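Encoded as structure tokens, the structure appears first; notes follow it.
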Amino acid sequence: MNGSMRIWVLPLWCAVCASRAWAQEPGGTTTAATTNVRGAEYPRIDSDLRVTFRIKAPEARRVEFDRGKRYAATRSDDGYWTAVTDPQVPGFHYYGVVIDGVLVNDPASETFYGTGRESSGIEIPEKGVDFYAPRDVPHGEIRERWYFSKTTEAWRRVFVYTPPDYDTNRDARYPVLYLQHGAGEDERGWSNQGRVGFIMDNLLAEGKAKPMLVVMEQGYARRPGDPPPPTRPPAAPPAAADRKNAPTLAARSKAAANPPNFSRMFSAFDEVVVKDLIPMIDRTYRTIPDREHRAIAGLSMGGMQAFQIGLGHLDTFASIGGFSGAGGGFGGGAFDPKTAHHGVMADASDFNARVRLLWLGIGTAEQKRMYDSVKNYHAALERAGIKYVYYESPGTAHEWLTWRRSLHEFAPLLFASNAPVARQQPRLRRPRAPIVLGSDDKPAFPAAPAGFDRKNEDIPHGKVETVAYDSKSVGTRRKMLVYTPPGFSTDRTYPVLYLLHGIGGDEEEWHRHGKPEVILDNLYAAQKIAPMIVVMPNGRAQKNDRAEGDVFRSAPAFEADLLKDVIPFIEAHYPARKGPENRALAGLSMGGGQSLNFGLGNLDTFAWVGGFSSAPNTRAPEKLLPKPEDAAPRLKLLWVSCGDKDGLIEISQRVHGYLKEHHVPHVWHVDSGPHNFDVWKNDLYLFSQQIFR
């Protein structure tokens, strides 16, 4: 049955928002959010990404702003209530206003359908990142189309992204990505909150993706006579709310990540997609109507649907993606690839030959149940020999920035002409501006020799043990790993290297992926390093120190734990030498930022400091060393390094530039590689040979 169509030109809407939203408040440093309604000056965002909310409610007795956490507002004499949040994670977030116990929307904000209702939303800017922002490139269109579903016997609405040349290149036909929203959202989610149009426009302009159609349906369906499907997350239990009178948005979001049994609705939606939607799209648009040119993906609930539908119809889809949701469900029982999905993965060779792309993505700060379900699913695929791609979005939770990044990673892999992509190791990538290398950006030392990280059974080996200590700073018992060198003896003393992990890791990360004990054992055998103790603590100073919540926000608190708890414990329980000349501090990514921040901020404690591929938590150079002339004589080694293909290199480049300008002696080493352990293992190999000499 023919439908009706309407075209949405989203770039114009965002350009209008941007033109009015970034005016500076007189005398202030905040900017109005781009998601404010026209003319509204609040909410406002400052340079630290704190949000100032304000609403006029002169008759109210109590007002709170709910951004996952409740922020109590204070009342001024003119009836305005104002609250300032903690620094926020970049990206799009829902929020609400609680007035005398009633959760309502902020009249100053645009509304977005999420958490099962129209909600206020705010876009927190991500400095230096524009892959989901409008650029001066050719733009496609988001088209609205209605069609009649025989499965549901009802009219349904879809949104379709068409690439920039769709209407001018009339002879071209296009592959199709079917892209699904999550629980509590609908077919508008990807175009409004997800900014799918800008992401695709920018990828196409950069030549990174194939021109394709993107179809966005609502993930709720019921056959005639079925009960209404749930269209919002279930209410959180009373214990999940931090107030008795209204559940928080965090509780709603948590419930969204743990939806009810959607099996009957999923079955109906499966039929809608295969029997109604795809035939309509192939009739209406210039598609390439075969499985090789058809993909399905989604976020959260939509990721589960994508895996259920895609794996159930491999004659229809050749590529499948799940963002914070996949074939392993939402953290249920054990997953066996031999029997799951009706046995389609039982023969790994046959499955790998049929499926061009199987893709999993997750945020490192997601709830443990959600994070573990996806990570365990990818581990099961690994053991079964299934080819797939696995991606981790650093520092993000169950939120739109995780899913924007996932789409940005997923779309370029679709519809390539080569064979199915091979399995890839977990990656942490923060999209940033293009890499520009200068004349200084080159290696300071030759690369480590082949086999430097390969265990040699014919040499003496050190020991790695897990140690627990009571942290007064955090108020809990914490763990760290301690490496002692070959021939370790309590009859002598040793200098200590404190080695820090990255944003998605913990005290085990270096040991699991970096092989520090192997690298150091080999260096000892070659008599290239001084005997030392290496301590690998957990850099998240919070009672739940797993990679959950806003991990960047907990990173600064680790300074107190390191100085007041970790170092005193090591020096009380190991034969460790004291004094800054006997302590080194180094780390990778977030740990690199912590090492520069804490090391240069405590030169009475550390004389050897190293930042490997330091992350955005690194302080600005002028704050790292406000008096460089005083710091230089106290440093025995300042090491700054990064890979030449690392999107974070601009952070290390700024540090190097400042140090060079102020004549602070340091090593600036630019290795060959991206943001991964190949680079960081080489850093450890080189750095360890320079310290305690």
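Can you give me the relative contact order of region 19-154 as a percent, contacts being Cα pairs under 8 Å and 6 or more apart?
19 percent
Using only the alpha carbons of region 485-609, determine the length spanned along each of the three principal axes and report them from longest to shortest in whole angstroms.
Cα extents, longest axis first: 42, 31, 23 Å.
What whole-number distance in Å separates the alpha-carbon centres of region 161-218 and region 72-91?
36 Å
What residues of region 88-123 lie in the reach of a label at residue 75, counting those whose backbone N is under 16 Å from a point 7 Å from the Cα along Cα→Cβ?
98-102
Along the Cα→Cβ direction, 7 angstrom out, place labels at residue 602 and residue 622. What is the inter-label distance in nm?
Going by the 7 Å Cα→Cβ label model, 2.7 nm.
For region 43-183, I need the span (max minus min coordinate) of the C-alpha atoms along each principal axis, in Å, sorted largest to smallest.
Computed over region 43-183, the largest-to-smallest principal extents equal 65, 44, 23 Å.
Report the one residue of 149, 128, 181 whose Cα lies farthest in the direction of the positive end of the charge dipole of region 120-205 (charges on C-beta: Lys and Arg +1, Asp and Glu -1; origin at the Cα centre).
149
Less than 19 Å apart at the alpha-carbon level, and either on another chain or at least 8 residues along: which aspartates and glutamates does that give for residue 564?
470, 507, 545, 581, 604
Give, in nm to one decimal, the length gained when the segment between residue 154 and residue 62 is fully stretched (0.36 nm per residue of separation minus the Cα-Cα distance).
Using 0.36 nm per residue and subtracting the Cα-Cα distance, I get 28.7 nm.
Keeping all protein chains in place, calculate the accessible area per residue for the chain (probe 1.4 angstrom), answer in Å².
Roughly 40 Å² per residue, with all protein chains present.
Provide, as a two-decimal number, the C-alpha radius of gyration of region 463-506 over 2.2 N^0.38 Å, N being how many residues it has.
Against the compact-globule rule of thumb, the ratio is 1.41.
Once neighbouring chains are kept in place and the probe is 1.4 Å, which whole percent of the accessible area of region 273-402 is contributed by carbon and sulfur?
51 percent
Give me the number: length gained by fully extending residue 456 to residue 205, i.e. 0.36 nm times residue separation minus the C-alpha to C-alpha distance, one decimal in nm.
85.5 nm
Checking the table 636/681; 472/578; 375/472 against a 28 Å threshold on Cα-Cα, which pairs fail?
Violating the 28 Å Cα-Cα cut-off are 375/472.
Please work out the Kirkwood hydrodynamic radius for region 267-398, using every pair of different C-alpha atoms, and report it in angstroms with one decimal place.
Every distinct Cα pair counted, the radius reaches 15.1 Å.
Using 10 Å bins from zero, what percent of all Cα-Cα pairs in the chain falls into each bin?
Here the calculated profile for the chain is 3, 14, 23, 24, 19, 12, 4, 1, 0.
If you take the charge dipole of the chain about its Cα centre, with +1 on Lys and Arg Cβ and -1 on Asp and Glu Cβ, which of 624, 501, 341 is farthest toward its positive end?
341
Using Stokes-Einstein with the Kirkwood hydrodynamic radius over Cα pairs, what translational diffusion coefficient do you get for region 557-610 at 37 °C and a viscosity of 0.692 mPa s, in µm²/s rounded to a whole number?
292 µm²/s
Can you compute the FRET efficiency between residue 369 and residue 543 using 1/(1 + (r/R0)^6), with r the Cβ-Cβ distance and R0 = 22 Å? Round to the nearest 0.05.
After rounding to 0.05, the efficiency reads 0.80.
Among the listed pairs 387/645; 69/387; 69/515, which are separated by more than 30 Å between their Cα atoms?
69/387; 69/515
Taking R0 as 25 Å, what FRET efficiency do you get between residue 84 and residue 127 from their Cβ-Cβ distance, rounded to the nearest 0.05?
Calculated transfer efficiency: 0.80.
Of all the Cα-Cα pairs you can form in region 473-548, what percent are over 17 Å apart?
Everything past 17 Å amounts to 50 percent.
Please report, in debye to the nearest 20, how large the charge dipole of the chain is about its Cα centre when each Lys and Arg carries +1 at its beta carbon and each Asp and Glu carries -1 there.
720 debye
The values are calculated or read from the model by the stated rules, or taken from the named source; none is laboratory data. This one's a predicted model, so the numbers in the text were calculated from it and none came from an experiment. Here the Cβ is made from the backbone with ideal geometry for all residues, glycine too, and neighbour counts use every protein chain on show. We work out accessible area using only protein heavy atoms, side chains counted, and drop any ligands, DNA or RNA first. Shrake-Rupley method; radii C 1.70, N 1.55, O 1.52, S 1.80 Å.
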